[in-house]
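Comments concern the structure below.
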Protein chains: 2
Amino acid sequence: MSTKNKILDAAEILFADKGFNGTSLREITSLGEVNLAAVNYHFGSKKELIKAVMSRYMNELSPRLESALSALCHHDVQPSLKDVFSAFIEPLLHLNEFKENGTSTFLQLLGRGYTDSQGFLRWFLTTQYPGVFTHFTEAVHKAYPELSAEEMFWRLHFTMGTIVFTMSSSDALIDIAQNDFDRQVDIAGVIKQVIPYVAAGVAAPINR
Amino acid sequence: MSTKNKILDAAEILFADKGFNGTSLREITSLGEVNLAAVNYHFGSKKELIKAVMSRYMNELSPRLESALSALCHHDVQPSLKDVFSAFIEPLLHLNEFKENGTSTFLQLLGRGYTDSQGFLRWFLTTQYPGVFTHFTEAVHKAYPELSAEEMFWRLHFTMGTIVFTMSSSDALIDIAQNDFDRQVDIAGVIKQVIPYVAAGVAAPINR
DNA sequence: CGCTATTTTAAACAACTGTTTGAATTTGGT
DNA sequence: ACCAAATTCAAACAGTTGTTTAAAATAGCG
């Protein structure tokens, strides 16, 4: 295992758990059992390390996600909104093959990125991976053409919020659910719960 | 203006903008134009200051919110889910009377509190203001009795996520919306957009 | 081997963190 | 006006932060 990967592996765990601001380089290097200076040697700075952690997941996720969404767009029949959101399931759960607890870790990181560090990560993702966003809005438009661009803008951001926020606190929520309802829940179970919710939200009647 | 309030006013602005971890006491005291040591003198610690900032809003919000929700519960006719969520509008917008940009600031703080500092603020709110949560779930149960406790648990947390996440990045979203759609938007406009969304999400058909 | 380039290491850096101290100042009551 | 309590203040505290340095170790290759 290379030093670079040791750092990435340790960093993503701590970032997901305590946020980017809340994690120090010393915590990362001691969990990864590498020297402190290795971070700056291999990545240049903490900010670049954050980008590298996210890129490792995005490079795995985005091709699968884009092809799943564009398949919906170029199909003859009109997809339902549930189809559109279900297109996320396979690419997201595939991150579990890529890495242990990959799905949950990635979604937690995404949640952190939206609130930590004044949104520089949002800028990074939208500029570096614009294809995901355009394919997604295209697919939603095909499923629900009556929705104006402005209404879609809001509802898609509401959806981002629901997903990202839920996942960034998914560990705590899963704990509570298991105590209160005595039911085994995992990240896939949460995803299956959230899809009807966001699909219905986006499909809400237009209020003019 | 008392020193205590100068600190609270400066702190809430910076906390909302940069998060609790991301804001130092020195930034707060220099924005508030008070001495650094005043924070520890008046509040004891940074953690207590965070609680005080949140309490000032919660004490203003929670009685109005609880009475609006319990009014729904004790009314004879069954409320719709839209009624339940609309019950939030007046108490939330009232925070703008209480303080300039109060609504948006409070909701941003709430968003910060859920992700920053490993959820200690969530613990604080649920233990210090349990009435809001119980009244809310009661009202939703009256509007949608078929929803099991577990499904309601998830959907209410999805809703929290939608609201809190949207509001914590509402400044950025409002900026984008005004550029892209050339339309004046404010926090009340966002609230009116989000209510049909969350109401439809909670009302989604049960998927068994 | 011998040499170069890459990588690792311990140590130090300056800047910043929340908190404490003790003296100076202001305030409110008599 | 006096005294005591409450408040403000500059300074320092000890600890942590990201980053840099220069020497030591390792690796790769002819």
Residue that is nearest to DNA strand C (Cβ to nearest atom) [pool: residues in the stretch B:47-84 that are within 14 Å of another protein chain (Cβ to nearest Cβ) and open to solvent by less than 60 Å² (accessible area, probe 1.4 Å)]: B:Leu81
Elements of type helices (runs of 4 or more DSSP H) in the stretch A:90-208, at least 2 residues being more than 12 Å from chain B (Cβ to nearest Cβ) and open to solvent by less than 60 Å² (accessible area, probe 1.4 Å): A:102-115, A:120-128, A:130-143, A:187-202
Cβ-Cβ under 6 Å pairs, at least 6 apart or on other chains, the stretch A:175-191 side in contact (Cβ under 8 Å) with a residue 12 or more places away in the chain, far side open to solvent by less than 50 Å² (accessible area, probe 1.4 Å): A:Ile187/A:Thr103; A:Ile187/A:Ser104; A:Val190/A:Ser170
Some residue of the stretch B:2-23 being more than 21 Å from B:Asn101 (Cβ to Cβ), near DNA strand C (Cβ under 8 Å from one of its atoms) and free of Cβ contacts under 8 Å to residues at least 60 places away in the same chain: no
Close pairs (6 angstrom Cβ cut-off, 6 or more residues apart or separate chains): closer than 19 Å to A:Glu97 by Cβ in the stretch A:45-64, away from DNA strand D (no atom under 16 Å from the Cβ) anywhere: A:Tyr57/A:Phe106; A:Met58/A:Tyr129; A:Glu60/A:Phe98; A:Leu61/A:Pro91; A:Ser62/A:Tyr129; A:Ser62/A:Val132; A:Arg64/A:Pro91
Positions within the stretch B:28-52 being within 17 Å of A:Gly22 (Cβ to Cβ) and of a type outside the set (Lys, Arg), in sequence order: B:Ile50
Test: B:Thr127 is polar (S, T, N, Q) and touching a helix residue (DSSP H, G or I) at 6+ places or on another chain (Cβ under 7 Å): no
Identity of the residue in the stretch A:29-46, under 16 Å from A:Ile13 (Cα atoms) and away from DNA strand C (no atom under 13 Å from the Cβ), that ends up least open to solvent (accessible area, probe 1.4 Å): A:Lys46
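The values are calculated or read from the model by the stated rules, or taken from the named source; none is laboratory data. Keep in mind that this is a model prediction, so the values were computed, not measured. Quick reminder, even Gly has a Cβ in these numbers, built from the backbone with ideal geometry, and neighbours come from all protein chains shown. Heads up: the accessible areas ignore ligands, DNA and RNA and are worked out on the full protein's heavy atoms, side chains in. Shrake-Rupley method; radii C 1.70, N 1.55, O 1.52, S 1.80 Å.
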